[in-house]
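Peer 1: Okay, handing you the structure first.
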Amino acid sequence: MSRLSQLSYSMIHDCVDAMIAKTLAGTIVSWNAAAETLFGYTEQEALGHSISFIVPPELAGEEAAILDRLAQGQRVQDLHTHRMNKGGHRIAVTMTISPLRDRDGQVIGASTIVRERASIADNQPDLLRLAYQDPLTSVSNRTHLLDRLEQA
């Protein structure tokens, strides 16, 4: 394996975001360690199967539309949607999907980067801090002052 190939493999395999490559028919051809962690399926369980096993049934049309856009060479960026893990639980995710091209420029598949979206509950302390403090100086703002006056 060439040095460039080793670097490319390491970059994909060790990425903290799930990285999945699929054919235009939706068959998975690459599944990194972060995809294993996020979805619960090993690389061996995913490779060669249709991407549809992680798509909730009611979103099957969404996946078909994505594949159509990719076939036209279009990118799908920052798509907020849901996918399913091995346990059957829905996961809120953000995906960016780019066409993969052969040496002649023909679209032959797609590269997908998937990141789990944190829930509002996970971000509540940060949201409250931003609501009551200036983000740069951490000084209480007018909203915080009015809240304290109302409490007093």
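The values are calculated or read from the model by the stated rules, or taken from the named source; none is laboratory data. Computed from a predicted structure; not experimentally measured. Here the Cβ positions follow ideal geometry from the backbone for every residue, glycine too, while neighbour counts run over all protein chains shown. Just the protein is used for accessible areas: all its heavy atoms, side chains included, with ligands, DNA and RNA removed. Shrake-Rupley method; radii C 1.70, N 1.55, O 1.52, S 1.80 Å.
Peer 1: Using a 1.4 Å probe, how large is the accessible area of Glu62, given in Å² and rounded to the nearest 10?
Peer 2: 50 Å²
Peer 1: Starting from the Cα of Arg142, step 7 Å along the direction of its Cβ; do the same at Thr23; then give the gap between the two resulting points in nm.
Peer 2: 6.1 nm
Peer 1: I'd like the Karplus ³J(HN,Hα) series for the range 61-68: coefficients 6.51, -1.76, 1.60, θ = phi - 60°, whole numbers in Hz, and an x wherever there's a Gly or Pro.
Peer 2: Per-residue couplings from phi come out as x, 4, 5, 4, 5, 4, 4, 5 Hz.
Peer 1: Another question, then. Hey, can you grab everything whose amide H is under 5 Å from the amide H of Val93? Only 5+ residues off in sequence or another chain; H modelled, so Pro and N-termini drop out.
Peer 2: The list, which skips near neighbours in sequence, is Thr81, His82, Arg83, Arg117.
Peer 1: Something else: Check which residues have an amide H placed less than 5 Å from His49's amide H, if you skip close sequence neighbours.
Peer 2: Ile28
Peer 1: Taking K and R as +1 and D and E as -1, what net charge do the other residues with C-beta under 14 Å from the C-beta of Glu62 add up to?
Peer 2: With Lys, Arg at +1 and Asp, Glu at -1, the neighbours total 0.
Peer 1: With θ set to phi - 60° and the Karplus curve 6.51 cos²θ - 1.76 cosθ + 1.60, what are the ³J(HN,Hα) couplings of the range 96-103 in order, to the nearest whole Hz, using x for Gly and Pro?
Peer 2: For the range 96-103, the Karplus-derived couplings read 10, 10, 10, x, 9, 10, 7, 5 Hz, x marking Gly and Pro.
Peer 1: Residues with amide H under 5 Å of Trp31's amide H, sequence separation 5 or more or different chain, H placed in the peptide plane at 1.01 Å from N; which?
Peer 2: Under 5 Å from the amide H of Trp31: Ala21.
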